[in-house]
Amino acid sequence: WRGPPIPKMAAQQSHYDLFEQLELPQCECLNAAKDHTLRSALTPSDEGFLQSDADEELLISLRFMQAVRLSAIVVAGPAASAPSELRIFANPPAPLDFDSGRSNAPTQTLPLTPADVAREGRPVELRFVHFQTVRELTIFVPGNMGNEEETVIARLRLIGLPVEQTGAKRSEAEQAAASKADWLGSGIRGA
């Protein structure tokens, strides 16, 4: 990412761009032009952009390698053809299509202003409580600011943190018994 550093938000001092957490082969965009794909908008070093093909709508599906906490989204694009709104669905129960993107209730709707998408874009905060354990994210773009035929996203960044997995702590004796029992095939109680 060549843009300016992300401004520190009050409650999210250590949040960062989650590009490295994306499972890129599982990320896709419906209605993207062949030459202007989702990967161009996501990849920090890519100078390309994402552009819609048949009309102004886009349906972006993103999958993370592990659960993440999202705090903000950054969208950058040209003033007339940048998205005017994002309908965001966290962990949708089934894959969405354009009809369900229009009709289903999103986790959050983000109206965007020209200032939000100008230059490198600026972080638009999400309702953090709704995005605590996100494994999949679908973003429906219903239109753009200038009612143009195509929507263009120059950069799409997801800001947050990976969810740290913590389990119950075992005592050293329990861990030793479990390790020994695993080799013997009898479980922790059989050690």
(message) Between L86, L96, L62, which is under 25 Å from V134 (Cα atoms), open to solvent by 20 Å² or more (accessible area, probe 1.4 Å) and either in contact (Cβ under 8 Å) with a residue 40 or more places away in the chain or in a strand (DSSP E or B) (or both)?
(response) L96
(message) Can you tell me which of (1) modelled with pLDDT of 95 or more; (2) in contact with a Phe, Trp or Tyr (Cβ under 9 Å, 6 or more places away or on another chain); (3) within 24 Å of S14 (Cα to Cα); (4) not aliphatic (A, V, I, L, M) is the one E120 doesn't meet?
(response) (1)
(request) Scan region 129-138 for residues that are surrounded by fewer than 17 Cβ atoms within 10 Å (Cβ to Cβ) and not in a strand (DSSP E or B) and jot them down. (result) V129, H130, Q132, T133
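Quick check: anything in region 118-128 in a loop (DSSP other than H, G, I, E, B), at positive phi and surrounded by fewer than 21 Cβ atoms within 10 Å (Cβ to Cβ)? Walk me through it before giving the result.
Here is the first cut: in region 118-128, the ones in a loop (DSSP other than H, G, I, E, B) are 118-123, 126-127.
The next check asks that each one be at positive phi; those that pass are 119, 121.
From what's left, surrounded by fewer than 21 Cβ atoms within 10 Å (Cβ to Cβ): 119.
Yes, some residue in region 118-128 is in a loop (DSSP other than H, G, I, E, B), at positive phi and surrounded by fewer than 21 Cβ atoms within 10 Å (Cβ to Cβ).
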(message) Return the pair list, or none, for Cβ contacts closer than 7 Å from residues in region 130-151 that are over 18 Å from L50 (Cβ atoms) to residues that are at pLDDT below 95 and open to solvent by 10 Å² or more (accessible area, probe 1.4 Å), at least 6 apart or on different chains.
(response) T133/V163
(request) Select from region 16-59 the residues that are of a type outside the set (S, T, Y), closer than 22 Å to V163 by Cβ, open to solvent by 30 Å² or more (accessible area, probe 1.4 Å) and part of a strand (DSSP E or B) and list them in ascending order. (result) D17
(message) One residue is enough: does region 105-112 have a residue meeting the conditions closer than 23 Å to A67 by Cα, open to solvent by 30 Å² or more (accessible area, probe 1.4 Å) and not in a loop (DSSP other than H, G, I, E, B)?
(response) yes
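The values are calculated or read from the model by the stated rules, or taken from the named source; none is laboratory data. As the structure is a computational prediction, the values presented were derived from the model and not from experiment. With ideal geometry, Cβ positions are generated from the backbone for all residues, glycine too; neighbour counts draw on all protein chains shown. We work out accessible area using only protein heavy atoms, side chains counted, and drop any ligands, DNA or RNA first. Shrake-Rupley method; radii C 1.70, N 1.55, O 1.52, S 1.80 Å.
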